[in-house]
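**Student:** One structure coming up, written as structure tokens, with questions to follow.
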């Protein structure tokens, strides 16, 4: 019962945040709300016992993406945002049709935690029975993440690593320019 209450509360906050993002015009506030949206999504993944996905969402969505958007905003602060001259009916209708198709596609998905779901009937017993003989790893979670889903886990690690390197390059590039300006100012003061 408490899980349902937490899920409904998080989904309500997600909907409120999404509506606020759509209605905002100030870019800094929109970036901050995107970070909050990703953080709420990570919380929802934690409640659904998907800690690895929650960690990735928190690191990439709430952390690195927010930093990259703030850096982009800081680098482009001299440009004014132009008001749109067209009506958003075509994009809105496209989003509504896509959303309806996604909702329709989820109609025959088994319920969350349903013991009769194919993943519980076919996949989980195989992992429980065969993970030790197949991989030699005594921990089933480690066997699934490192062996059965090794390429997927490698892909997640590469995404997080690449995003981290990009942030470091952005920050390092900014500091190098500031150091060059400071050095030029010192040389001109000495002359």
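The values are calculated or read from the model by the stated rules, or taken from the named source; none is laboratory data. Since the model is a prediction, treat every value here as computed from it, not as a measurement. Positions of Cβ are backbone-derived with ideal geometry, glycine not excepted, and every protein chain shown enters the neighbour counts.
**Student:** Out of curiosity, is residue 15 surrounded by fewer than 16 Cβ atoms within 10 Å (Cβ to Cβ) and part of a helix (DSSP H, G or I)? Steps first, please.
**Tutor:** Values: surrounded by fewer than 16 Cβ atoms within 10 Å (Cβ to Cβ): yes; part of a helix (DSSP H, G or I): yes.
When the stated conditions are applied, residue 15 passes them.
**Student:** Looking at region 172-184, is at least one residue modelled with pLDDT under 80 and outside any helix (DSSP H, G or I)?
**Tutor:** No: region 172-184 contains no residue that is modelled with pLDDT under 80 and outside any helix (DSSP H, G or I).
**Student:** I need every pair where a residue in region 43-54 that is farther than 17 Å from residue 8 by Cα has its Cβ under 6 Å from the Cβ of a residue that is part of a helix (DSSP H, G or I), sequence separation at least 6 or different chains.
**Tutor:** 53/45; 54/42; 54/45; 54/46
**Student:** Now, a different point. Name the residue, out of 20, 29, that is under 26 Å from residue 170 (Cα atoms), part of a helix (DSSP H, G or I) and not assigned by TED's automatic domain parsing to the domain that holds residue 154.
**Tutor:** Result: 29 is the single residue among 20, 29 that is under 26 Å from residue 170 (Cα atoms), part of a helix (DSSP H, G or I) and not assigned by TED's automatic domain parsing to the domain that holds residue 154.
**Student:** Given region 33-143, what helices (runs of 4 or more DSSP H) lie entirely inside it while holding 3 or more residues that are surrounded by 15 or more Cβ atoms within 10 Å (Cβ to Cβ), modelled with pLDDT under 90 and under 19 Å from the mean Cα position of the chain (by Cα)? Walk me through how you get there before you give the answer.
**Tutor:** On the way: elements: 51-56, 65-75, 89-105, 124-135, 140-143.
Ranges flagged: 51-56, 65-75.
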